[in-house]
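Comments concern the structure below.
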Amino acid sequence: MNSSEKVCLKDLRVRLKDKEYVPLMVGGMGVNISTAEMVLAVEKLGGIAHLSDAMVMDLCDRLYGTSYSADKAKRYYGCQKNPDKSNNHFDLNALREATLRYVGDVMSRATGRGLVFINCMEKLTFNAPHESMAVRLNAALDAGIDGITLSAGLHLMSFKLMSENKRFREACLGIVVSSVRALNLFLRKNKSLNRLPDYIVVEGPLAGGHLGFGEDWREYSLETIVKEVKAYLAENHLDIPVFAAGGIFTGGDAVRMIKEVGADGVQVATRFTISKESGLPDAVKTAYLNAREEDIEVNHLSATGYLMRMLKSSPAIKQRIPPNCEPYGYMLNEGKCPYLNQWWDAMTKKAMPKPEEWKCCLCTHMKLYNVWTCGANTFRLKDTTVKLANGQWYFPSAEEIYNDYVTSTGEEIKLPVPH
Ligand SMILES: Cc1cc2nc3c(=O)[nH]c(=O)nc-3n(C[C@H](O)[C@H](O)[C@H](O)COP(=O)(O)O)c2cc1C
């Protein structure tokens, strides 16, 4: 037994700003997979967990009975047949209002023992990338979020867009990267702001959601990128905690990543997809639990242009629906979205992409939980819980999963006890 096999995450600490935490973050999972309930359950334990602001206006409609999506659809009524969506815009005041409401509500329920962060993906361009990002970031800060993790993009402007906010230096701000190159670009671009990120998430090729790699993703290893990022930070005399993400399935994996590879902490997500508090419908959690390794693929379905990992049985892979930009349109950029373009080419020129190149209407399908995105280790979820007497899977609570991560050592997974 080597020394890291006796250690558990609960024995370790990472410093963020002036406080120390168990070095485990639960990553953001949009759209509303990492729910307020999941995040608050972890925060209550003194942990760190991420909300996601993906489709926040539509989420508010579902949570609070607002009508942002219906109002937007009404504004663009009759435009469905026009492939040019350059005039399709979000009401940025409404976007601010929705973000304030959602984040404010969650923060009002936090205990202050842990940290509530929010994941902001740059690839959600809202047909006005800079303007909408400024609103999202500043509203989250104004609503009292503890931290913002910038993901799915290089975010070269994002720090600047919130630099006038009075909480810009006080809140925790982090960036997700998959290479030293991306980190270097980010740091160089922000040098003049004299504001370093408080943490860096290095996401490797085994993560769920979108991947920061191309077709050759199998050739990369999280361990190597973490070591490269740590070496880069050391060379540049930068003391910023690095969280490794992607494929860290047990407490023992997390400890090894910290003790043997050199990360300061880890970010995990896949284990929490089947939690009681996860926003996924029970049937989807069951599909994750029954999945075999060969049921998972990395494909081109996402209209972001990034590769995405998901179950091959995801309904969105087969369903070709008309683009739904009137109520949604979160993926539009200068009026365009790769799915929109494919759809209109197919309708007007009968130009059909190869089946493996089809995109999907990501807004609609993510909202409906039709994209069953997951990490590479999803097929191991069945080893993390038990079946009930009625033959159905027991969905462990976020607290049970969190406690297993922080107390297990070596290869151990502590199975939950249904009650
Ligand atoms: C279901 C699911 C949805 C995700 N959604 C997002 C997202 O919206 N934004 C993001 O930056 N990362 C997203 N991720 C990535 C996670 O935040 C996390 O970094 C990664 O999955 C960790 O690896 P693991 O799932 O193997 O533990 C998602 C992951 C999963 C499993």
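The values are calculated or read from the model by the stated rules, or taken from the named source; none is laboratory data. This structure is a prediction, so every number in the text was calculated from the model and none was measured. All Cβ positions, glycine included, derive from the backbone under ideal geometry; neighbour counts span all protein chains shown.
Could you please tell me which pairs satisfy a Cβ distance under 7 Å, a separation of 6+ or placement on different chains, a first residue in segment 23-47 that is over 23 Å from GLY247 (Cβ atoms), and a second residue that is β-branched (Val, Ile, Thr) and assigned to a helix (DSSP H, G or I)?
Sorted first by the residue in segment 23-47, then by its partner, the pairs are ALA36/VAL106; LEU40/VAL106.
Of the residues ALA254, ALA269, ALA245, ALA207, which single one is in contact with an Asp or Glu (Cβ under 6 Å, 6 or more places away or on another chain), within 12 Å of the ligand (Cβ to nearest atom) and of a type outside the set (Phe, Trp, Tyr)?
Testing whether each residue is in contact with an Asp or Glu (Cβ under 6 Å, 6 or more places away or on another chain), within 12 Å of the ligand (Cβ to nearest atom) and of a type outside the set (Phe, Trp, Tyr) leaves just ALA245.
Does any residue of segment 65-85 turn out to be at pLDDT 95 or above, acidic (Asp, Glu) and closer than 22 Å to ILE33 by Cα?
No, because not a single residue in segment 65-85 is at pLDDT 95 or above, acidic (Asp, Glu) and closer than 22 Å to ILE33 by Cα.
Restricting attention to segment 208-247, report how many residues are part of a loop (DSSP other than H, G, I, E, B), surrounded by fewer than 17 Cβ atoms within 10 Å (Cβ to Cβ) and not aliphatic (A, V, I, L, M).
Going through segment 208-247 one residue at a time, the tally reaches 7.
Hey, does segment 387-401 have a residue that's touching a Ser or Thr at 6+ places or on another chain (Cβ under 6 Å), without any contact (Cβ under 8 Å) to a residue 40 or more places away in the chain and either under 30 Å from GLY78 (Cβ atoms) or surrounded by 14 or more Cβ atoms within 10 Å (Cβ to Cβ) (or both)?
yes
Any residue in segment 159-174 that is buried (at least 21 other Cβ atoms within 10 Å of the Cβ) and among the polar types (S, T, N, Q)?
no
Just to be sure I understand the filter: pairs with C-beta atoms under 8 Å, separated by 6 or more residues or on different chains, first member in segment 190-218 and farther than 20 Å from LYS123 by Cα, second member of a type in the set (D, E, K, R) and surrounded by fewer than 20 Cβ atoms within 10 Å (Cβ to Cβ). Which pairs pass?
Close Cβ pairs (under 8 Å, with a partner that is of a type in the set (D, E, K, R) and surrounded by fewer than 20 Cβ atoms within 10 Å (Cβ to Cβ)) amount to LEU193/LYS160; ARG195/ARG169; ASP198/LYS17.
Does segment 103-110 contain any residue that is in contact (Cβ under 8 Å) with a residue 12 or more places away in the chain, acidic (Asp, Glu) and out of contact with any helix residue (DSSP H, G or I) (no Cβ under 6 Å at 6 or more places or on another chain)?
Yes, segment 103-110 contains at least one residue that is in contact (Cβ under 8 Å) with a residue 12 or more places away in the chain, acidic (Asp, Glu) and out of contact with any helix residue (DSSP H, G or I) (no Cβ under 6 Å at 6 or more places or on another chain).
How about segment 211-225: which of its residues are farther than 17 Å from LEU185 by Cα and within 13 Å of the ligand (Cβ to nearest atom)?
Within segment 211-225, LEU211, LEU222 meet the criteria.
Does at least one position in segment 344-361 carry a residue that is within 16 Å of the ligand (Cβ to nearest atom), of a type in the set (A, V, I, L, M, F, W, C) and in a helix (DSSP H, G or I)?
no
List the strands (runs of 3 or more DSSP E) inside segment 261-330, counting only whole elements, that have at least 2 residues being crowded, with 20+ Cβ neighbours inside 10 Å and either in contact with a strand residue (DSSP E or B) (Cβ under 8 Å, 6 or more places away or on another chain) or at pLDDT below 95 (or both).
265-268, 307-311
Kindly evaluate PHE249 against the criterion of being among the aromatic types (Phe, Trp, Tyr) and farther than 17 Å from THR149 by Cβ.
When the stated conditions are applied, PHE249 passes them.
Here are some residues: ALA110, ALA128, ALA94. Which one is among the hydrophobic types (A, V, I, L, M, F, W, C), closer than 30 Å to GLY46 by Cα and surrounded by fewer than 20 Cβ atoms within 10 Å (Cβ to Cβ)?
Selected residue: ALA110, the only one of ALA110, ALA128, ALA94 that is among the hydrophobic types (A, V, I, L, M, F, W, C), closer than 30 Å to GLY46 by Cα and surrounded by fewer than 20 Cβ atoms within 10 Å (Cβ to Cβ).
Is it the case that ASN138 is surrounded by 19 or more Cβ atoms within 10 Å (Cβ to Cβ), among the polar types (S, T, N, Q) and assigned to a helix (DSSP H, G or I)?
Judged against the criteria, ASN138 is a match.
Among the residues of segment 37-54, what is the count of those that are more than 17 Å from ASP198 (Cβ to Cβ) and crowded, with 23+ Cβ neighbours inside 10 Å?
Number of matching residues: 9.
Please verify whether LEU141 is under 16 Å from the mean Cα position of the chain (by Cα) and without any contact (Cβ under 8 Å) to a residue 40 or more places away in the chain, treating the condition exactly as stated.
Criteria not met by LEU141.
Would you mind stating whether ARG167 is in a loop (DSSP other than H, G, I, E, B), farther than 15 Å from ASN119 by Cβ, without any contact (Cβ under 8 Å) to a residue 60 or more places away in the chain and touching a Leu at 6+ places or on another chain (Cβ under 7 Å)?
Criteria met by ARG167.
Taking THR35 as the residue in question, decide whether it is hydroxyl-bearing (Ser, Thr, Tyr), more than 17 Å from the chain's Cα centre (by Cα) and modelled with pLDDT of 95 or more.
no
Please go through segment 13-35 and give me each residue that is out of contact with any Asp or Glu (no Cβ under 7 Å at 6 or more places or on another chain), away from the ligand (no atom under 11 Å from the Cβ) and not β-branched (Val, Ile, Thr), ordered by number.
ARG15, ASP18, LYS19, GLU20, TYR21
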